[in-house]
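Peer 1: Sending over a structure as structure tokens; questions will come in a sec.
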Amino acid sequence: MAAALSSQVALVRKCNRLLYSLRSHFHTSNGLSSKEHYKVVVLGGGAGGIAMGARMKRKVGAEHVAIVEPSEMHYYQPMWTLVGAGTKTVSASGRPTASVMPSGVKWVKSRVMKFDPKNNTVFTESGKEISYDYLIVALGLKLQYEKIKGLPEGFEHPKIGSNYSVKTVEKTWKALQDFKAGNAIFSYPNTPVKCGGAPQKIMYLSDAFMRKTGKRSKANIIYNTSLPVLFGVQKYADSLWEIVKSRDLHVNLRQNLIEVRADRQEAIFENLDKPGETKVYEYEMLHVTPPMGPPEVLKGSSLEDEGGWLDINKGTLQHNKYTNVFGIGDCTNLPTSKTAAAVAAQSAVLDRTITKVMKKDKPDKKYDGYTSCPLVTSYKTVILAEFDYNGQPLETFPVDQSKESRIMYHMKADIMPHLYWYGLLKGVWGGPGPYRKIMHLGMK
């Protein structure tokens with residue numbers, strides 16, 4: 001049924017593209033094209049898009065800013081780790097897009113379908129032709145469950161979930177509650193992902209839940225990751241390995257999920273170091289982190305790099321070819337972890353870059369790759385990983401953040417959502433950089 005539905009959705013999208021082409025041809029040939037112009041056009045209404053929309057509103061005036069975003073709901077996705085573990089609800093993570101859209105800014109409720117950067121124009125699925133002086137691309141990334149054989153239709157079966165989608169995050173909590181005995185498996189794909197710590201956060205939380213409910217002795221908890229390391233920054237990886245060993249968690253490196261046979265409760269992994277070698281695991285619970293990739297609309301736009309990601313300068317966030325195009329967040333090729341914390345730091349730099357470009361000056365502020373991953377290790381502790389482009393710790397607090405902390409859990413669960421809704425999305429939170437200097441007495 002899900003496969004049929006997926007095919008229908010694909011067919012509808014193809015029809016929409018055809019209708020768009022016909023409509024555009026008709027409008028153009030009859031002089032009826034729906035044309036609009038804004039000083040700044042923002043593509044995407046996620047964290048980066050809304051944050052930059054708010055900042056640009058203050059810079060050039062609301063009437064000169066448009067945000068192109070089709071979704072009616074906006075979600076604080078970092079909360080889904082806790083939703084999958086039963087401590088937060090999906091409803092608490094979402095708000096109507098209308099409520100977070102900067103007031104007075106034009107909201108174009110449609111998808112971008114085509115770029116024409118040489119003529120400073122984008123075209124939407126609804127038939128609009130929108131020209132701009134400056135373009136900010138904040139389109140996020142694409143979840144690619146379909147790249148795993150047996151998905152997404154496998155989610156119709158019990159005992160399988162994924163914290164990466166609003167459609168499947170509650171299935172994780174259901175699978176965890178219904179666990180009786182056997183393998184609990186957690187995967188990490190062989191692609192870039194957003195919030196690279198999330199695949200193992202739910203493993204630690206599942207371990208804690210099973211201990212609390214008396215099921216841990218009957219569980220074999222397995223973390224199969226395509227990566228050659230547990231975590232990319234050595235300082236935090238060392239601490240996580242200690243937790244893994246002390247809690248009897250089984251970590252297998254360079255293992256990539258390629259198929260799910262949900263009707264038989266089987267997951268098939270390939271060994272990335274031994275091509276052709278696969279292993280079948282039976283599971284009582286399976287958490288899937290899907291492969292992820294760049295937005296399809298970037299393909300062939302001349303804005304993308306060889307991998308399909310938005311090609312921007314890693315320091316200024318300005319496009320490497322088109323000087324009036326900029327990028328932020330998950331859709332970019334910035335060599336850092338894709339997180340909301342990274343978006344916050346990028347938004348402050350991008351604000352400064354655009355100000356300089358508008359004044360015909362050279363951008364003078366550089367993004368250092370700052371990103372943060374609150375590694376939830378239980379229902380009351382977090383290791384707050386913060387680091388830069390070079391994988392070097394860039395910690396805000398004058399304590400060893402590689403140690404599990406109750407205070408950091410409180411920050412993750414209660415303070416960070418507030419910073420997101422009332423700081424980042426309002427365009428006033430640009431990351432902890434200024435506070436880090438104060439915390440470290442100006443020495444860091």
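The values are calculated or read from the model by the stated rules, or taken from the named source; none is laboratory data. These numbers were taken from a predicted model, which means no experiment stands behind them. Counting neighbours? That spans all protein chains shown, and the Cβs are built from the backbone with ideal geometry, glycine included.
Peer 1: Looking at the stretch 263-315, which of its residues are within 30 Å of Val122 (Cα to Cα), in a loop (DSSP other than H, G, I, E, B) and among the small types (Gly, Ala, Ser)?
Peer 2: So the first thing to find is which residues in the stretch 263-315 are within 30 Å of Val122 (Cα to Cα), and the list is 290-315.
Applying the additional criterion that residues be in a loop (DSSP other than H, G, I, E, B) yields 290-291, 294-295, 299-303, 305-309, 311, 313-315.
Across the stretch 263-315, the qualifying residues are Gly300, Ser301, Ser302, Gly307, Gly308, Gly315.
Peer 1: In the set Lys321, Lys314, Lys279, Lys338, which member is within 22 Å of Met203 (Cβ to Cβ), basic (Lys, Arg) and not assigned by TED's automatic domain parsing to the domain that holds Gly154? Explain how you work it out, then say what you get.
Peer 2: Numbers: Lys321 fails: within 22 Å of Met203 (Cβ to Cβ); Lys314 fails: within 22 Å of Met203 (Cβ to Cβ); Lys279 fails: not assigned by TED's automatic domain parsing to the domain that holds Gly154.
That would be Lys338, the only listed residue that is within 22 Å of Met203 (Cβ to Cβ), basic (Lys, Arg) and not assigned by TED's automatic domain parsing to the domain that holds Gly154.
Peer 1: How do the pairs read when you match residues in the stretch 399-416 that are of a type in the set (S, T, N, Q) with residues anywhere that are assigned to a loop (DSSP other than H, G, I, E, B), using Cβ under 6 Å and keeping only pairs 6 or more apart or on different chains?
Peer 2: So the pair list comes out as Gln401/Glu395.
Peer 1: Same structure again: When you check Ile407 against the structure, is it more than 23 Å from Gly49 (Cα to Cα), modelled with pLDDT of 95 or more and buried (at least 21 other Cβ atoms within 10 Å of the Cβ), yes or no?
Peer 2: Values: more than 23 Å from Gly49 (Cα to Cα): yes; modelled with pLDDT of 95 or more: yes; buried (at least 21 other Cβ atoms within 10 Å of the Cβ): no.
No, not satisfied.
Peer 1: Of these, Val60, Val112, which one is in contact with a helix residue (DSSP H, G or I) (Cβ under 9 Å, 6 or more places away or on another chain) and within 20 Å of Ala348 (Cα to Cα)?
Peer 2: Answer to the check: Val60.
Residue-by-condition table, conditions (1) touching a residue at least 40 places away in the same chain (Cβ under 8 Å); (2) in contact with a His (Cβ under 8 Å, 6 or more places away or on another chain):
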| site | (1), (2) |
| --- | --- |
| His64 | no, no |
| Ile67 | yes, no |
| Val83 | yes, no |
| Pro102 | yes, no |
| Trp107 | yes, no |
| Arg111 | yes, no |
| Gly127 | yes, yes |
| Tyr145 | yes, no |
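Peer 1: Also, I was wondering about something else. Can you confirm whether the stretch 347-363 contains a residue that is assigned to a loop (DSSP other than H, G, I, E, B) and in contact (Cβ under 8 Å) with a residue 12 or more places away in the chain? Don't jump to the end; show me each part of the working.
Peer 2: Narrowing the stretch 347-363 to residues assigned to a loop (DSSP other than H, G, I, E, B): 359-363.
From what is left, the residues that are in contact (Cβ under 8 Å) with a residue 12 or more places away in the chain are 363.
Looking through the stretch 347-363, at least one residue is assigned to a loop (DSSP other than H, G, I, E, B) and in contact (Cβ under 8 Å) with a residue 12 or more places away in the chain.
Peer 1: How about the stretch 388-404: which of its residues are crowded, with 16+ Cβ neighbours inside 10 Å and either among the hydrophobic types (A, V, I, L, M, F, W, C) or in the same structural domain as Ser239 (by TED's automatic domain parsing) (or both)?
Peer 2: Leu394, Phe397
Peer 1: Let me ask something additional. What number of residues within the stretch 78-119 are over 30 Å from Lys412 (Cα atoms), in contact with a Pro (Cβ under 7 Å, 6 or more places away or on another chain) and assigned to a helix (DSSP H, G or I)? Give the steps one after another, and end with the answer.
Peer 2: Within the stretch 78-119, the first condition is being over 30 Å from Lys412 (Cα atoms), and the residues that meet it are 104-119.
Narrowing further to those that are in contact with a Pro (Cβ under 7 Å, 6 or more places away or on another chain): 109-111.
From what is left, the residues that are assigned to a helix (DSSP H, G or I) are none.
Matching residues across the stretch 78-119 total 0.
Peer 1: Tell me yes or no: at least one residue of the stretch 329-337 is on the phi < 0 side of the Ramachandran plot, crowded, with 20+ Cβ neighbours inside 10 Å and out of contact with any helix residue (DSSP H, G or I) (no Cβ under 9 Å at 6 or more places or on another chain).
Peer 2: Narrowing the stretch 329-337 to residues on the phi < 0 side of the Ramachandran plot: 330-337.
Now drop any that are not crowded, with 20+ Cβ neighbours inside 10 Å, which leaves 330-332, 334, 336-337.
If we keep only those that are out of contact with any helix residue (DSSP H, G or I) (no Cβ under 9 Å at 6 or more places or on another chain) too, we end up with 337.
So far as the stretch 329-337 goes, yes, one or more of its residues are on the phi < 0 side of the Ramachandran plot, crowded, with 20+ Cβ neighbours inside 10 Å and out of contact with any helix residue (DSSP H, G or I) (no Cβ under 9 Å at 6 or more places or on another chain).
Peer 1: Hey, Tyr134 hits all of (1) touching a Lys or Arg at 6+ places or on another chain (Cβ under 8 Å); (2) buried (at least 18 other Cβ atoms within 10 Å of the Cβ); (3) closer than 26 Å to Leu205 by Cα but one; which does it fall short on?
Peer 2: (3)
Peer 1: Determine the pairs where a residue that is modelled with pLDDT of 95 or more, located within the stretch 37-52, has a partner that is surrounded by fewer than 24 Cβ atoms within 10 Å (Cβ to Cβ) and aromatic (Phe, Trp, Tyr) with Cβ atoms under 7 Å apart, the partner being 6 or more residues away or on another chain.
Peer 2: Here the result reads Tyr38/Tyr132; Lys39/Tyr134; Val40/Tyr132; Val40/Tyr134; Val41/Tyr132, each pair linking the stretch 37-52 to a residue that is surrounded by fewer than 24 Cβ atoms within 10 Å (Cβ to Cβ) and aromatic (Phe, Trp, Tyr).
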